[in-house]
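Below is one structure, written out as structure tokens; comments come after it.
Any read-out appearing in this document is the output of simple, stated calculations on the displayed coordinates, not a laboratory observation. Note that this is a predicted model, so its numbers are computed, not measured. Every residue, glycine among them, receives a Cβ derived from its backbone with ideal geometry; neighbour counts consider all protein chains shown.
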Amino acid sequence: MTASGLAAHRVSKQLGGGLVLDGVSLSPAAGSTVGVLGPNGSGKSTLLRVLANVTPPSSGRVTMDGQDITEFGRKALARRVAVVEQHSDTQIPLTVRDVVGLGRVPHRRAWLSASAEDETAVHEALEQTGMTAKADQRWQTLSGGERQRVQIARALAQRPSELLLDEPTNHLDVQHQFELLDLLSGLPATSVIALHDLNLAATYCDDILVLDGGVVVAAGPPDDVLTESLIMQVYNVKAEVTTSPEGHPHVRFIRS
Amino acid sequence: MTTAPVREPLRQRSRLPAVLLAGGVVLLLSIAVAVTIGPADIEVADVWASVADHLGIGDSTLSVLRDGIVWDLRMPRTLMAAVCGAGLAVCGVVMQSLLRNPLADPFILGVSSGASTGAVLVIVLGAGAGVLSMAGGAFLGAVASFALVLMLSHTLGGTTDRVVLSGVAVMQLLSALTSFIVLTSADAETTRGVLFWLLGSLANVGWPEVATGALALAAALAVCAGYARSLDAFAFGEDAAATLGIAVARTRVVLMSVTALLTAVLVSSVGAIGFVGLVLPHAARILTGPGHARLLPVSALTGAVLLVWVDTVARTVLQPQEIPVGVVTALIGVPAFVLILYRSRGVQ
């Protein structure tokens, strides 16, 4: 496999005696949006943490442009890969602009102050996420959805080629869910997104990876992956899958 | 792609040198004036004359006695107050940011209680008598307790909350030990001495302590300044810092060791002066905003000015008796802390 960008090769992760990831491989096409689906505890977050080099895999490797990420250099990796965690909070009184500015940390050396490029990146990230009007507001005064968008703005300010997002739509209302996924799928960066909503995944993702018990049970374009039998097998829920007018699979759950 | 931002973002960073210059001037004036305050009548001009004379850039017409009061008694004491204030404030900033805990202070790694146990052992039991001074015992105790906290927190998983919990546990253990030693082995006179030192006192400070403290402060400041950007990145925790390219484990070990060593040096010569390291970082954040490149030097200067004045109050207000400086910092620090928390209510 040619490996441009971030890729996982038969990655396993043991945590507290159990196997949380079992031989997971993933190599997203450059610029694509990949949805990681699966029930709670299926290993979605762990996969993202391993991809982000936050936690090392127990076996297997993660590579960036073919090079093992542990040899890629932390700073260099942080200039390529930005991460949005599921939960984030701070006790420190920071403004929205301060938080977004953290995205420039990997681009600066310790003794230099912000460059024009830093300021442009922060400015653009605020614009893209619709947070410009709140730039001087305190983080602590924001709603859950706004905090999520600020973290996404921070990730964009990193100007990454790869974005890893753990359930970024969790705290968002429907409008902002669509706006966010519109934004992410329109970016030149490759996005790997853990998602719960099958229809959002079907609408916005180029590829889908379905995890169950740490094992990849299906991978490929939404049309191939999101089938009634797979949903029954993984989620134990009856569903009807039709094709939406836009040509995406559409999942309707059926009460049994 | 887009036009440059119109408003000035990322705070008024260009003003940092001006702020530092102004702070430096206030600090120098504070030291000069604080030295004149006391039972013997000294003028600011006398202070300049004495300093100029000793630095070999002028001639002093001061009497030997008055020159001695300025140069041998009040000057080292006031300078040490400045060094301690700056050092404790910087250690507080680093600990609070690194451990993401607004209640963290320089003593959270067990350093002060370890120092107390070490000092008390030397005083009371005469352990290492002759070879080991009280300050030496305090320093060894401080380093030993920090090592214990590090080992304990590493065994428990190494996360920041484990560091805090280990620190608290070691602190409790060592203060119990200190109390036990004092109660069983000390006479009334020694107990008084120990107590005074436990509360913090700048009374017996000379030039050697000032030199050691200033060197330790300068070294620690240089290291911490180099990690300023890393400290910023810790705002959302260690995992978030790691994804911003920070070497989390190395940063944590280096900064904890540097602050523990600086605290150990300071505590071993002046005792545990509380509240400066806890309250001042919060006040400095209000003044400068959260960026550590500004926060570290500004809190150092504010801490220095504050402790110069607090010590002046401590040694003069009940003349000829002296109040332990730690008592005064607590009397000022507690209401200030409440005020800061009150200001930030509803925001958390």
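Provide a whole-number value for the mean count of partner chain Cβ atoms within 10 Å of the Cβ atoms in peptide B:281-293.
Taking the mean over all residues of the peptide, I get 2.
Could you check the simple spin-label distance between B:LEU331 and B:GLU189, using points 7 Å along Cα→Cβ, in nm with one decimal?
2.8
Per residue of B:227-236, count partner chain C-beta atoms within 10 Å of its C-beta, then hand back the mean as an integer.
5
Within 10 Å of each Cβ of A:149-157, how many other protein chain Cβ atoms are there on average?
Details: counts 0, 0, 2, 0, 0, 3, 1, 0, 0.
Average per residue, whole number: 1.
So how do B:PHE196, B:PHE236 line up by other beta-carbon neighbours within 10 Å, fewest first?
Numbers: B:PHE196 16, B:PHE236 23.
So the residues, fewest neighbours to most, are B:PHE196, B:PHE236.
Could you give the dipole magnitude of region A:6-221 about its Cα centre, charging the beta-carbon of Lys and Arg +1 and that of Asp and Glu -1, in debye to the nearest 20? List each step's numbers first, then the result.
On the way: 19 positive and 24 negative charges, 146 e Å.
Computed charge dipole of region A:6-221: roughly 700 debye.
Pop the C-beta distance of B:SER63 and B:ASN204 into the FRET formula with R0 = 25 Å and round what comes out to the nearest 0.05. Display every interim value, and only then the final one.
Numbers: r = 24 Å, r/R0 = 0.96.
Efficiency for this residue pair is about 0.55.
Using the count of nearby Cβ atoms within 10 Å as a rough guide to exposure, how do B:TYR227, B:TYR342 rank from fewest to most?
On the way: B:TYR227 23, B:TYR342 9.
In order of increasing Cβ crowding within 10 Å: B:TYR342, B:TYR227.
Sort A:SER12, B:SER166 by Cβ crowding within 10 Å, fewest neighbours at the top. Can you show the working numbers first?
Numbers: A:SER12 17, B:SER166 23.
The most exposed by this proxy come first: A:SER12, B:SER166.
Would you grab the residues whose amide H sits under 5 Å from the one on A:VAL36? Only those 5+ places off in sequence or on another chain, please, with H modelled 1.01 Å from N.
A:ILE193, A:ALA194, A:LEU195, A:LEU209
I want to verify the translational diffusion coefficient of region B:33-343 in µm²/s; compute it with Stokes-Einstein, Rh as the Kirkwood radius over Cα pairs, at 10 °C and 1.306 mPa s. Please list the in-between numbers first.
Values: Rh = 20.1 Å.
Stokes-Einstein gives a translational diffusion coefficient of 79 µm²/s.
Students often forget the sequence filter, so: which lysines lie under 28 Å Cα-Cα from A:LYS13 once same-chain residues fewer than 8 apart are removed?
A:LYS13 reaches A:LYS44, A:LYS75.
One-quarter of the Cα convex hull surface for the protein assembly as shown, in nm²? Before the final figure, lay out the partial values.
On the way: hull surface 133.6 nm².
Directional mean of the projected Cα hull area for the protein assembly as shown stands at 33.4 nm².
Can you list, largest first and rounded to whole Å, the semi-axes you get for region A:167-256 by taking the square root of 5 times each eigenvalue of its Cα gyration tensor? Walk me through the numbers before you get to the answer.
Numbers: eigenvalues 91, 47, 36 Å².
After scaling each eigenvalue by five and taking roots: 21, 15, 13 Å.
Mind jotting down the distance between the C-alpha centroids of region B:160-190 and region A:9-81, whole Å?
45
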